[in-house]
Structure formats: C-alpha cells, structure tokens
Amino acid sequence: YGRRISVRFCSSGMTLDNINREAVDRIIRVDHAGEYGANRIYAGQMAVLGRTSIGPVIQKMWDQEKDHLKKFNELMVAFRVRPTVLMPFWNVVGFALGAGTALLGKEGAMACTVAVEESIAHHYNNQIRTLMEKEPEKYEELLQVIKKFRDEELEHHDIGLEHDAELAPAYVVLKSVIQAGCKVAIYLSERL
C-alpha cells in the first residue's frame, strides 16, 4: 500500500513506472483480444476442415497464434492490464467466423485468413509507429514482440494467398466485410 512496484520487461528499461501506461495498456489489451480472436477463428476452421488436406496448414498457423496469445497473456499479467470486456463476444464471433468461412471450403477459410492477417499486420504497423514516436528505447522489447508477430501474421497472409484465397466465392466482398469487422473489433477492444 502506497509503495511503487517496478516490474521489468525482460532486459529493457520498460517498467510500470517509466512508460506511457495508457498507450501500453491499449496496445496489450487490443493485441491480446486480437490474438484470442485469431485463435478462435482457427479453432472454427479446424472444426470444419481439420481432417482435410488443408488441416495441417491451418494447424501450423494456429500453433503460431497460440504462441502469440501465450505471450500476450504473460504481458497482461506483467503490466497488470485488464482484458477487454468483450472477450466472451470475441470467443463466439471468432469461432463462428472461422467455421462459417470454412464452410465455404478451403478457399473461404483462406480468404478469411488473408483478410484478418492483413488487418492485423496493418494494425501492428500502426502500433510500431506509435511506439517509435515515444522514446523507442523504452519500448524496445515490446517493439520486438510486435514486429515478430506482425511478420508471422504476414506469413499467414501469404499462405492464404498460396492456398487459393482469391478463388473464394465473392472474395472481394468477403474480404471487405471481414476487414470492416476487424476495424470495429480493434476499435472496441482498445477502449472497452
């Protein structure tokens, strides 16, 4: 009570005392929600397509998303960030989106992957710019995490394209609708 607690983030100088708490809270909260949602999307895809030829491809991407979520779970604890109140909603919506697009076939699932991963990569790039504007040396390791995950999301995007995402029914419309949903999810998860 009344004492300051300093939690170090790995070897950098990033502590609870010397960072922009509001910015870091928003970043960790929304990224945790996004990685949780991505996990639920891949769970939905696997429920429908897990035993097909595309199943191992989806599983590999899902395994990376599980690692991302694990890291953001750790950061939530280390920096005492509360999760978004929308987690139960993202649980249902994420699974439904994954399963629903998978019902369109492999192409539909891959179109969903392309749309979501492109949105997430764009979002991560915005966060990188934000942190680079504010004493980047303080946020060095958070920046490394975000850059690594962004690069893996871009790999998933490319895998989706390699596996016929653009052949999905109404690809352009499907992608646009999913990306609009991603923008809304990001906006809400940052704030709620």
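The values are calculated or read from the model by the stated rules, or taken from the named source; none is laboratory data. Every value quoted in this text rests on a predicted model; they were computed, and no experiment measured them. The accessibility values were calculated without ligands, DNA or RNA, using every heavy atom of the protein model including side chains. Shrake-Rupley method; radii C 1.70, N 1.55, O 1.52, S 1.80 Å.
Rounded, prolate or oblate: pick one for the stretch 99-174, where a ≥ b ≥ c are the square roots of the eigenvalues of its C-alpha gyration tensor, a/c under 1.5 means rounded, and failing that, prolate if a/b is larger than b/c, else oblate. All intermediate terms of the calculation are to be shown ahead of the outcome.
Values: a/c = 3.84, a/b = 3.01, b/c = 1.27.
In terms of gyration-tensor shape, prolate.
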- Rg/Rh for the stretch 48-114: what does it come to with C-alpha atoms and Rh from Kirkwood? 1.06
- Item | When each of Lys66/Lys148; Lys71/Lys147; Lys60/Lys106; Lys138/Lys183; Lys66/Lys147 is checked by Cα-Cα distance, pairs over 19 Å | Lys138/Lys183
- Cα Rg, Dmax, the stretch 21-190, angstrom units: 15.5, 48
- Task: Express in Å², to the nearest 10, the accessible area of His122 obtained by rolling a 1.4 Å probe over the protein heavy atoms while all chains stay in place.
- Result: 110
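What part of the accessible area of the chain, given as a whole %, is carbon or sulfur when the probe is 1.4 angstrom? All intermediate terms of the calculation are to be shown ahead of the outcome.
Details: 5580 of 9650 Å².
Carbon plus sulfur share of accessible area: 58 percent.
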- Query: Where only protein heavy atoms count, and the probe is 1.4 Å, what is the accessible area per residue for the chain in Å²?
  - Reply: 50
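Got a sec? What order do Cys182, Cys112 fall in by accessible area at 1.4 Å, biggest, i.e. largest, first? Intermediate values should be presented prior to the final figure.
Details: Cys182 25, Cys112 0 Å².
Listed by decreasing accessible area, they come as Cys182, Cys112.
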